[in-house]
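To keep things clear, I will list the structure first and then write my remarks on it.
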């Protein structure tokens, strides 16, 4: 966001924060969300890299296309366990999964959130 726009918003009583601040997440909750988002992104990238559709991946996992779509969106109903199992089924190694989890600064928590001060 441009500095002038941020200054104007601050003058109007708004303050900038991250998503965790906006939602009132604890540091542990924010870290868990970041990890799930990272795993979901890795799943999408790995599926595309292998040239699979969501439906094809669903057949491999014994699931449905809509469930794979939820997995790739890091839907709250999808567990981290399921994301990890899907990545392993696509040929990811434990090291690949660890690298995805270890990435910091995912888009979900970097974006600024406006809140009335």
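The values are calculated or read from the model by the stated rules, or taken from the named source; none is laboratory data. A quick note: this is a predicted structure, and the numbers were derived from the prediction, not measured. Ideal geometry is used to build each Cβ from the backbone, glycine not excepted, and the neighbour counts take in all protein chains shown.
Tabulated data
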quantity	calculated
Inter-residue pairs, beta-carbon under 7 Å, first free of Cβ contacts under 8 Å to residues at least 40 places away in the same chain and in segment 45-62, second part of a loop (DSSP other than H, G, I, E, B) and surrounded by 13 or more Cβ atoms within 10 Å (Cβ to Cβ), 6+ apart	58/64
The lone exception for residue 37 - which of (1) free of Cβ contacts under 8 Å to residues at least 60 places away in the same chain; (2) closer than 20 Å to residue 103 by Cα; (3) touching a helix residue (DSSP H, G or I) at 6+ places or on another chain (Cβ under 7 Å) it fails	(1)
Some residue of segment 94-106 being under 11 Å from the mean Cα position of the chain (by Cα), free of Cβ contacts under 8 Å to residues at least 60 places away in the same chain and assigned to a helix (DSSP H, G or I)	no
Flag if residue 41 is within 13 Å of residue 90 (Cα to Cα) and at pLDDT 95 or above	no
So residue 25, is it in contact with a helix residue (DSSP H, G or I) (Cβ under 8 Å, 6 or more places away or on another chain) and under 20 Å from residue 93 (Cα atoms)	no
